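Worksheet: the structure to be examined is printed underneath.
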Number of protein chains: 2
Amino acid sequence: MRLSEGVEWGVHCAVVLAALPPGAVLAGKALAEFHGVSESYLLKHLQALVAARVCESVPGPRGGFRLARAPEALSVLDVVEAIEGRQPAFRCGEIRQRGPAAQGPDAAVYRVPCAIHATMLRAESAWREVLRAQTLAELVAAVGAKLDPETIRATREWLVGRIRA
Amino acid sequence: MRLSEGVEWGVHCAVVLAALPPGAVLAGKALAEFHGVSESYLLKHLQALVAARVCESVPGPRGGFRLARAPEALSVLDVVEAIEGRQPAFRCGEIRQRGPAAQGPDAAVYRVPCAIHATMLRAESAWREVLRAQTLAELVAAVGAKLDPETIRATREWLVGRIRA
DNA sequence: GGATGAATACTCGGATATTTATTGTCCGAGTCATCCTGG
DNA sequence: CCAGGATGACTCGGACAATAAATATCCGAGTATTCATCC
């Protein structure tokens, strides 16, 4: 199991956007520079966020990205699913049905969800629940609480110079 | 996020082995036929289980695989980690440190684990905890409870003919 | 001086290569059972 | 009939391709700004 690198980029960008004043727009170029990553590739992931209604994009000069909803109404799960997709990580191929034990006339009993599948689904639900419970607003607060005032001031100043109404 | 197909195969095989009498050995060929999958590829995953001390392999004719521990002492997590690896799904590249906000002399403050990383780790822990709590013995019981007696008898007969001491 | 129009610079969006990981296959080393041979 | 040895068949183990996915990049469509021009 491996999470796409784009998930990290997407969540970081979402947190930055959540820290901006409501309605403020930030260009993908600024987001890429802020995180020290490739702008072209970051845009690809931001497109996924737009497609999933997590972000909105504004074209043209003075354009950029902003959150589609309030930071309190957006969870980390929203961002992760926007990039990784909503498909479950574990896909049950029902391989039991392919074995000799399933060749008889009672193959119907194999239709009940297999216990293994059920366990994996429970695990994934627990994973999602943690991410669903964490809002972007909470993350912004958590990040702010860990940094000293001077760093916050410098970061804020850097961002303000690039914000568009 | 996507789980390898080998995980499904590995867990199914582990459950079958857990259902056998203690010490019984079953060849990879039989496991592959039982699940209707490629023997060559299945062996690759069984090797991973052996490397992780989940299974033991017996070479030569009358050889095969058996669990390395009692089914009550083996969890689904053991099998999943054996195949997928123990690395966390989310790897924090600490991309904050690469941005302009981290260029000052206070870069040390970025050493504290970022809040995003912490959230992802909590989610993964919850996921692992569910899998760790489920033993192979419990899975065998759960599968048995869902099948009708006739199917169990036929399956058992099929397996017994291929078991090696 | 003000308004209008075209040119311009900057933005996102999607189509296109490159690298990596997963999936799938094959041949070789090792081992136990079997069969044959000799006593 | 019994013991010993060579043979053979079946097993796992690791090295080797093919395929799918993630990563990375580039060029094009669209828009607000800006500047020059005309009234």
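Note that region A:1-99, at 20 °C in a medium of 1.002 mPa s, gets a Stokes-Einstein diffusion coefficient of 148 µm²/s from its Kirkwood radius over C-alpha pairs. Placing a label point 7 Å from the Cα of B:Arg2 along the Cα-to-Cβ direction, the residues of region A:40-82 with a backbone N closer than 18 Å are A:45, A:48, A:80-82. As a length-normalised measure over Cα pairs under 8 Å and 6 or more apart, the relative contact order of region B:13-92 settles at 32 percent. Spatially, region B:20-66 and region B:120-165 are offset by 16 Å when compared through their Cα centroids.
With r defined as the distance between the Cβ atoms of B:Arg153 and B:Leu121 and R0 fixed at 45 Å, what FRET efficiency is calculated, to the nearest 0.05? Calculated transfer efficiency: 0.45. Other residues whose C-beta falls under 9 angstrom from the C-beta of A:Val25 contribute a net charge of +2, scoring Lys and Arg +1 and Asp and Glu -1. Using the Cβ of A:Arg2 as centre and a radius below 10 Å, the other residues enclosed give a net charge of 0, where K and R count +1 and D and E count -1.
One decimal place: the segment B:Ser57-B:Ser40 gains 4.6 nm when fully extended, by the rule 0.36 nm per residue minus the C-alpha distance. Counting other Cβ atoms within 10 Å as a rough exposure proxy, the listed residues A:Val11, B:Val140 run B:Val140, A:Val11 from fewest neighbours to most. In degrees between 0 and 90, to the nearest 10, how far off the longest principal axis of chain B does helix B:115-133 point, with axes built from Cα atoms? The two axes meet at around 20 degrees. So, R0 is 41 Å and r is the distance between the beta-carbons of B:Glu72 and A:Arg86; what FRET efficiency does that work out to, to 0.05? Working from the Cβ atoms, E equals 0.70. How high is the relative contact order of chain A? Use alpha-carbon pairs under 8 Å, at least six apart in sequence, and give a whole percent. Dividing the mean separation by the residue count of chain A yields 31 percent. In plain terms, if you count all Cα to Cα distances in chain A and split them into 5 Å steps from zero, the share in each step is 1, 8, 15, 17, 16, 11, 8, 6, 5, 4, 4, 3, 2, 1, 0 percent. For A:Thr135, B:Thr155, the sequence from fewest to most other C-beta atoms within 10 Å is A:Thr135, B:Thr155. Every Cα-Cα pair of the protein assembly as shown was included, and the share exceeding 30 Å stands at 46 percent.
Arranged from fewest to most other beta-carbon atoms within 10 Å of their beta carbon, A:His45, B:His12 become A:His45, B:His12.
Where a number appears in this text, it was derived from the coordinates with a stated rule and is not lab data. Owing to the predicted nature of the structure, the values given are computational and were not obtained by experimental measurement. Neighbour counts run over all protein chains shown; Cβ positions are idealised from the backbone, glycine included.
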